[in-house]
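Below is one structure, written out as structure tokens; comments come after it.
The numbers here are math on the coordinates, done by the rules we state, and not lab data. The structure displayed is predicted, hence computed values, not measured ones.
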Amino acid sequence: MSSQIDQLFTNQNYFLAFFILLIILYFFLYNKIKKAFETRYIKNDINPGLILTLVLIVILIAGMSIYYESIFKEISFKYTHSVMNKDLLEDEVNYYKKELERTADSKDRLTKSKEEFENIYIHTRDTLTACPW
């Protein structure tokens, strides 16, 4: 249920809702401004459609900049998170690499010790079998 709500409120849906709201606001305000021109509250040499279009363009640019800023922050957060994960994985790989080197060194030492003890055993056995008593 929570994932469906999260999918419903994505940045793209916010942008679409914002754009639809601007269109509704445009038509609503256009009628109000047109009525103000008809009642002579505003001078007739000003085009109400042009003024409203400019205001809505400014609002649209502000909305898009907020939208893209939120997208940039999300991408930036994902990037820093993946870099941190990469660093942690590198540390873990280096740890296991050192463990593997220590294990290989330990194995080499044990192999050398075993060979030395076998040589000592063979030498002692040959000495004891050669002894006449």
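With θ taken as phi - 60° and the Karplus curve 6.51 cos²θ - 1.76 cosθ + 1.60 applied, the whole-hertz 3J(HN,Hα) list for the range 23-34 is 5, 4, 4, 4, 5, 5, 5, 4, 5, 5, 5, 4 Hz, x standing for glycine and proline. Rounded to the nearest whole Hz, the Karplus-based 3J(HN,Hα) values (6.51 cos²θ - 1.76 cosθ + 1.60, θ = phi - 60°) of the range 97-102 follow the sequence 5, 5, 4, 5, 5, 5, with x at glycine and proline.
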